[in-house]
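The values are calculated or read from the model by the stated rules, or taken from the named source; none is laboratory data. Note that the structure is predicted; figures quoted are calculated from it, not measured. Here Cβ is always computed from backbone atoms with ideal geometry, including for glycine, and neighbour counts include all displayed protein chains.
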Amino acid sequence: MAGHRTRTTLAACAALSLAALAGAATAPPGNAAAGERTVAVARKAPLPVLVDCFDKARVRPADFVLACGDGNSRLVSLHWSQWNARKAVGRGVNVVNDCKPYCAAGTFRSYPVRVRLDRPASWTKHPGVPHYTRLTLVYPDGRPAGYRPVVTYQLWN
């Protein structure tokens, strides 16, 4: 008899544990006078991230290094007007070393830039996390020597 009660208790605990792990998919029934209702709980998909040089996932970062090897090009003072599942749009400043006469003795120059991130895909390091795979810079006023008015980079995974 005691063995049967223990098995029943264990089975009930296991069922409750599984229900807790799975998460409640419905709200408890409403007031009977108001009518029964079931409300589905929607899981919000994670927003895409921007993966930096150190494999750190960031959402709406204030800065971003473009030249990971030497730091000679970076985005600073970033302000994002949009960041959603398809794209991110913002403005900032691209600080670029002119490398004249050579990079160690060069001067960092600042250029206003419009930034767009898009083409989200699953991040290899964390497959459940989407990350933007393309970054586009638009230079509305001056731009670094040798740069086009619009520059597009494929981002690392």
- Message: Restricting to segment 42-80, give me the number of residues that are within 21 Å of ASN97 (Cα to Cα), under 12 Å from the mean Cα position of the chain (by Cα) and in a strand (DSSP E or B).
- Response: 0
- Message: Being without any contact (Cβ under 8 Å) to a residue 24 or more places away in the chain and within 11 Å of the chain's Cα centre (by Cα) is the filter here; which residues of segment 113-131 pass it?
- Response: SER122
- Task: Considering each of PRO112, PRO101, PRO149 in turn, give the residue that is modelled with pLDDT of 95 or more, surrounded by 14 or more Cβ atoms within 10 Å (Cβ to Cβ) and out of contact with any Cys (no Cβ under 7 Å at 6 or more places or on another chain).
- Result: PRO112
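So which residues in segment 120-142 are charged (D, E, K, R) and in contact with a Leu (Cβ under 9 Å, 6 or more places away or on another chain)?
ARG134
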